[in-house]
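Enquirer: My questions will all concern the structure given below.
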Amino acid sequence: MNSSQLALSNLSVSFGGVKALTDVSLTVPKNSVVGLIGPNGAGKTTVFNCISGLVKSDSGSFEFDGVKRAFPKPHELVGLGITRTLQGVGLFNDLSVLQNVMVGADKKYRPNFVKEILGLSGKTEANLVRRAEEALAWVGGASLIGREPSELSYPDSKRVALARALVTNPTLLMLDEPAAGLGQDDIDSLAVLIRQLKKRCAILIVEHHVDFVREISDSVSVLNFGKLIASGTYDEVKQNPAVIEAYLGHSDKSDENSKLGA
Ligand SMILES: Nc1ncnc2c1ncn2[C@@H]1O[C@H](COP(=O)(O)OP(=O)(O)OP(=O)(O)O)[C@@H](O)[C@H]1O
Ligand SMILES: [Mg+2]
């Protein structure tokens, strides 16, 4: 049996009077891929924001690698072994591709980090450059080193964003819509990468492409209006009446990829 890398219990979050999450519990076993799905506005990104300390929870508990602790602050994430990608791309246009990946190792997530570390010993910087190059190569982006983010195709930008999340060797990787906007070939390559990554870390993945979610996820949790309405294997949850209703009741992401598979 896998032990859990992350366990969230009874997480609730509100923004003003709006309840974004209500009593959400979620476990990500080690070396597994957990898909977090649900219609637009269901609260998926808010779960990531709580785990990464960007949003404060009203209540709920956080357990990481078997140890209960407070929800992390953003500057504690790298030390704990948690990294994420942002919904969209989120690269810094004033930094090179390599520097964008190096920023992933920044404990304080400051875009001027690379400039700051230039004041550190050459050895430290060389080590970071080597790790960033390795991460880029690993995602198939070796040829992108030295390019500027503005020159990259959208799939290459997503590759760089993934490399930035990997540069610290996370134990929990959170991917927010990694397949969004990609064509089938790039989605297939991403699925291969994620299967390899699972040997190194636990992965929590938010995604609207349900075929992709079905292919890569060991289990799936479904949110709707901030509540967990189902969890289990993809094939189990897709038969759940509450899940079917949640998807049929929403027409905002009605392209083929975001419908539940047959
Ligand atoms: N910082 C914020 N301030 C106020 N409301 C917010 C904030 N972040 C999210 N919300 C609200 O919380 C709810 C959940 O949003 P969230 O971004 O988590 O949804 P999501 O499931 O990621 O949606 P999508 O699939 O469109 O990315 C929405 O009603 C959203 O408008
Ligand atoms: Mg979102």
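Enquirer: Of all residues in the range 29-52, which are part of a helix (DSSP H, G or I) and either more than 28 Å from V210 (Cβ to Cβ) or among the charged types (D, E, K, R) (or both)?
Expert: K44, the sole residue that qualifies.
Enquirer: Another one. Might you check whether a residue that is within 16 Å of ligand 2 (Cβ to nearest atom) and part of a loop (DSSP other than H, G, I, E, B) occurs anywhere in the range 53-64?
Expert: There is at least one residue in the range 53-64 that is within 16 Å of ligand 2 (Cβ to nearest atom) and part of a loop (DSSP other than H, G, I, E, B).
Enquirer: List every residue pair whose Cβ atoms lie under 8 Å apart, where the two residues are 6 or more positions apart in sequence or sit on different chains, the first residue falls within the range 1-29 and is basic (K, R), and the second residue, located anywhere, is surrounded by fewer than 18 Cβ atoms within 10 Å (Cβ to Cβ).
Expert: Pairs that qualify, where the first residue is basic (K, R) and the partner is surrounded by fewer than 18 Cβ atoms within 10 Å (Cβ to Cβ), are K19/S12.
Enquirer: Any idea how many residues of the range 15-28 are part of a strand (DSSP E or B) and either within 14 Å of ligand 2 (Cβ to nearest atom) or open to solvent by 40 Å² or more (accessible area, probe 1.4 Å) (or both)?
Expert: Here the count works out to 8.
Enquirer: Of all the helices (runs of 4 or more DSSP H) wholly in the range 143-226, which have at least 3 residues that are open to solvent by less than 20 Å² (accessible area, probe 1.4 Å) and within 30 Å of P241 (Cα to Cα)?
Expert: Output list reads 184-197, 210-216.
Enquirer: Can you go through V129, V103 and tell me which one is in a helix (DSSP H, G or I), among the β-branched types (V, I, T), at pLDDT below 90 and closer than 26 Å to E207 by Cα?
Expert: Only one candidate passes the filter, namely V103.
Enquirer: Confirm whether N49 is modelled with pLDDT under 95, in the same structural domain as R200 (by TED's automatic domain parsing), polar (S, T, N, Q) and over 18 Å from L204 (Cβ atoms).
Expert: no
Enquirer: Let me ask another. So S189 passes all but one of these: (1) modelled with pLDDT of 95 or more; (2) away from ligand 2 (no atom under 16 Å from the Cβ). Which condition number does it fail?
Expert: All conditions pass for S189, except number (1).
Enquirer: Collect the residues in the range 148-177 that are within 16 Å of ligand 1 (Cβ to nearest atom) and either of a type in the set (S, T, N, Q) or assigned by TED's automatic domain parsing to the domain that holds V28 (or both), keeping them in residue-number order.
Expert: Correct list: M174, L175, D176, E177.
Enquirer: Is there a residue being in contact with a Leu (Cβ under 8 Å, 6 or more places away or on another chain), surrounded by 18 or more Cβ atoms within 10 Å (Cβ to Cβ) and under 20 Å from K227 (Cα atoms) anywhere in the range 64-79?
Expert: No, that holds for no residue.
Results for (1) farther than 17 Å from L86 by Cα; (2) more than 15 Å from ligand 1 (Cβ to nearest atom), shown as yes or no for each residue.
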residue	(1), (2)
A20	yes, no
V24	yes, no
G43	no, no
I51	no, no
K56	yes, no
E63	yes, yes
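Enquirer: Answer with yes or no whether L248 is in contact (Cβ under 8 Å) with a residue 24 or more places away in the chain and not basic (K, R).
Expert: no
The values are calculated or read from the model by the stated rules, or taken from the named source; none is laboratory data. Note that this is a predicted model, so its numbers are computed, not measured. Every residue, glycine among them, receives a Cβ derived from its backbone with ideal geometry; neighbour counts consider all protein chains shown. Only protein heavy atoms, including side chains, enter the accessible area calculation; ligands, DNA and RNA are left aside. Shrake-Rupley method; radii C 1.70, N 1.55, O 1.52, S 1.80 Å.
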